[in-house]
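Working notes for the structure below.
The values are calculated or read from the model by the stated rules, or taken from the named source; none is laboratory data. None of the values given here were measured: they were computed from a predicted structure. When we count neighbours, we look across all protein chains shown, and the Cβ atoms used for this are built from the backbone with ideal geometry, even at glycine. We work out accessible area using only protein heavy atoms, side chains counted, and drop any ligands, DNA or RNA first. Shrake-Rupley method; radii C 1.70, N 1.55, O 1.52, S 1.80 Å.
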Amino acid sequence: VRVSYARGDPNKTYVKSVNLARMEPSFRDVVSWRFADRLDANKTYEMNSFVSKATGAELSTAGSNYNGFTRDHYLQLPSDLPQRVRQLAADLTEDAETPLHKAVAIRDHLRSDIYTYSQDIEKPPQGADGVDYFLFETQEGYSDYFSSAMAVMLRAVGVPARLAAGYAAGEPEEGTGRMAVKDSDSHGWTQVYFPGYGWIDFEPTPAWPQSDVQGGT
């Protein structure tokens, strides 16, 4: 907060202006990685990343004291989001005591036999909400549908979430120590924000394995 007072007012009685600015998040908000140069076929590269070791017990005590930046960017929803999407999210998390419990409840619902993983699907009809159409009409789709549905429902119950897209780890190449990542390894998943721990990955797509940490409550 920066306050400016009227010129020549030593007692600071008359406020001229007040400027408010959001503080940057404690964890850098990385949205994407992009290589500066094109990667040619069979060219190798190295990337270092941080992987959270937070346990379910730790995440369950993280609370919901989200900073302004996170609330501004990761709780947004369209004003015309169908009410039944919001209601489903509320019903699924009715007994959830913490944001982690809400995330696990929604993830487990999406991984249940109610929904089917499929890449051979029709696109939603014109004017339809994609998440609503997936949850209540087709109930089948690929990873982008599952992860988008989880992110939207979490936002609907006040938990910051976002869709992440990239590639799975691929398959090891025998004798090379390298991983072969193919176009078929492209994937989308959900990330949930926990104060003090940052963004944590969740896997709502039933065709893909989930981590042991996320299974804890």
Checklist outcome for this item: Summed over the other residues with a beta carbon less than 15 angstrom from that of Arg84, with K and R at +1 and D and E at -1, the charge totals -4
Checklist outcome for this item: What the Cα atoms of the chain span along the principal axes, largest first and in whole Å, is 75, 46, 41
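With r as the distance between the Cβ atoms of Val181 and Asn48 and R0 = 22 Å, compute the FRET efficiency 1/(1 + (r/R0)^6) and round to 0.05. Please list the in-between numbers first.
On the way: r = 17 Å, r/R0 = 0.77.
Efficiency for this residue pair is about 0.85.
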Item to check | 13 Å Cα-Cα reach of Lys182 towards aspartates and glutamates, excluding residues that sit fewer than 8 places from it in its own chain | outcome: Glu171, Glu173
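Tally Lys/Arg at +1 and Asp/Glu at -1 over every other residue whose Cβ is under 12 Å from the Cβ of His101; what's the total? Let's see the in-between values first.
Values: positive: Lys102, Arg107; negative: Glu94, Asp95, Glu97, Asp108.
Here the charged neighbours net out to -2.
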Item to check | Carbon/sulfur fraction of accessible area - the range 109-217, other protein chains in place, 1.4 Å, % | outcome: 46 percent
Item to check | Residue-normalised accessible area of the chain, given per residue in Å² at a 1.4 Å probe | outcome: 67 Å²
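Which of the peptides 146-153, 131-138, 50-57 is most tightly packed, and how do the rest follow, going by the mean number of other Cβ atoms within 10 Å of each residue?
Final packing ranking: 146-153, 131-138, 50-57.
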